[in-house]
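Below: the structure, in structure tokens.
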Amino acid sequence: MKRVFSDDRPGSLRCLEEIRQVIDEFDGRLLCGEVQGKTDRIGHFYGNSRPLLHLPLNVVLLDTPWDALSLQGTIDAYLNAIPQGGWPDWVIGGHDKHRIASKLGQAQARVLAMLLLTLKGTAFFFAGDELGAERGKIAEEAVQDPFAKLVPGYDLNRDPERVPMRWDSTRNGGFTTGEPWLPMGTSKSRNVADLRKDERSILHLYRELIRLRKQMPALHSGDYAPLRSHNDILTFRRFTASESLTIALNLTHEPRRIDCADGDLVFSTHLDRKDLQVAHFLLLRPDEGVIIRTPPQLKPLT
């Protein structure tokens, strides 16, 4: 089927131009949009002589195989597709995408959190991703999604992603005193109240990464440079003139050694080590991501 009359018609783009004109009349406004098309078309939605979206939402991390070479290639291709002056963004969840924690597992969902919040660009995650929420189980009689009702049997049901987020372990998860529109899902332990009590939970990991992102100029506004990724360790550099960080992400369930410039390990996804001096190399534990600060005049080994 050719989407002749529904996909990026000139009239639609002119409408976006007009919306952007109105948005730009106000301070502190941001226009995001869910767009169709792969990486090679993403620049189209930033606009040319007339701007369109500030942030065309980018979901490539959801669709890329979870290995270092695939991810590095996807990240580089996306960043190269953004027009000059455009700002990148990264999306790891949404109401019609399978829960990423169900795809990667809980251990690697933590590594993804570090990837999301250390890449250059604006980070988007879906309600519950910060809890490690997985796909809910929806009985056939409880299905609400029109796609699944109209065309059953083709795995089109998006309800497993749309179950209400749990705030506590009570029957309806602190979400409502009535009956929610969808079942609450199966994992009562993945709720805000309980994960707050666990200082090494994925919720605390998200909060600490966000705190670091606000504090460290290299993370919130620094440049990005890929490093040579091999042995399923994804590595890249974030830096300013006065700050240099190396991010190394172990995408395996086995320990891996990385060579690196001397510096200090400032953060680990395991939330159990920091301010550790690193000399020449570092042993990453299974499913561990780290941030290493190196002197700004030194370049991490590639």
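The values are calculated or read from the model by the stated rules, or taken from the named source; none is laboratory data. Source: prediction; values computed, not measured. Backbone-built Cβ (ideal geometry, glycine too); neighbour counts: all protein chains shown. Note: areas computed on protein heavy atoms with side chains; ligands, DNA, RNA excluded. Shrake-Rupley method; radii C 1.70, N 1.55, O 1.52, S 1.80 Å.
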Just to be sure, is residue 117 modelled with pLDDT of 95 or more, touching a strand residue (DSSP E or B) at 6+ places or on another chain (Cβ under 9 Å), of a type in the set (A, V, I, L, M) and farther than 19 Å from residue 218 by Cα?
-> no
The stretch 235-252, residues that are assigned to a loop (DSSP other than H, G, I, E, B) and free of Cβ contacts under 8 Å to residues at least 60 places away in the same chain | 240, 241, 242, 243, 252
Filtering the stretch 213-234 down to residues that are touching a residue at least 40 places away in the same chain (Cβ under 8 Å) and assigned to a strand (DSSP E or B) yields 223, 224, 226, 230, 233, 234
Any residue at all in the stretch 127-134 that is open to solvent by less than 60 Å² (accessible area, probe 1.4 Å), touching an Asp or Glu at 6+ places or on another chain (Cβ under 8 Å), assigned to a loop (DSSP other than H, G, I, E, B) and not polar (S, T, N, Q)?
-> no
Does residue 28 qualify as being assigned to a loop (DSSP other than H, G, I, E, B), touching a residue at least 12 places away in the same chain (Cβ under 8 Å) and not basic (Lys, Arg)?
-> no
Looking at (1) in contact (Cβ under 8 Å) with a residue 12 or more places away in the chain; (2) in a loop (DSSP other than H, G, I, E, B), which is the only condition residue 115 fails?
-> (2)
Selection count where residues are surrounded by fewer than 17 Cβ atoms within 10 Å (Cβ to Cβ) and either modelled with pLDDT under 90 or under 12 Å from residue 88 (Cβ atoms) (or both), scope the stretch 24-38 | 3
Might you check whether a residue that is more than 17 Å from residue 128 (Cα to Cα), among the polar types (S, T, N, Q), out of contact with any Ser or Thr (no Cβ under 8 Å at 6 or more places or on another chain) and surrounded by 15 or more Cβ atoms within 10 Å (Cβ to Cβ) occurs anywhere in the stretch 242-258?
-> yes
Looking at residue 49, is it hydroxyl-bearing (Ser, Thr, Tyr), without any contact (Cβ under 8 Å) to a residue 40 or more places away in the chain and within 29 Å of residue 287 (Cα to Cα)?
-> no
For residue 111, work out the one condition from (1) aliphatic (A, V, I, L, M); (2) under 27 Å from residue 200 (Cβ atoms); (3) open to solvent by 20 Å² or more (accessible area, probe 1.4 Å) it doesn't fulfil.
-> (3)
Looking only at the stretch 253-260, decide whether some residue is within 17 Å of residue 216 (Cβ to Cβ) and in a strand (DSSP E or B).
-> no
Picking from 54, 98, the residue that is surrounded by 12 or more Cβ atoms within 10 Å (Cβ to Cβ) and out of contact with any Cys (no Cβ under 9 Å at 6 or more places or on another chain) would be 98
Which of the residues spanning the stretch 161-212 are part of a helix (DSSP H, G or I), within 19 Å of the chain's Cα centre (by Cα), of a type outside the set (Asp, Glu) and surrounded by 17 or more Cβ atoms within 10 Å (Cβ to Cβ)?
-> 162, 202, 203, 205, 206, 209, 212
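Each row is one residue, and each column tells you yes or no for (1) within 11 Å of the chain's Cα centre (by Cα); (2) among the polar types (S, T, N, Q); (3) within 19 Å of residue 191 (Cα to Cα).
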position: 89; (1), (2), (3): yes, no, no
position: 95; (1), (2), (3): no, no, yes
position: 100; (1), (2), (3): yes, no, yes
position: 112; (1), (2), (3): yes, no, no
position: 116; (1), (2), (3): yes, no, no
position: 123; (1), (2), (3): yes, no, no
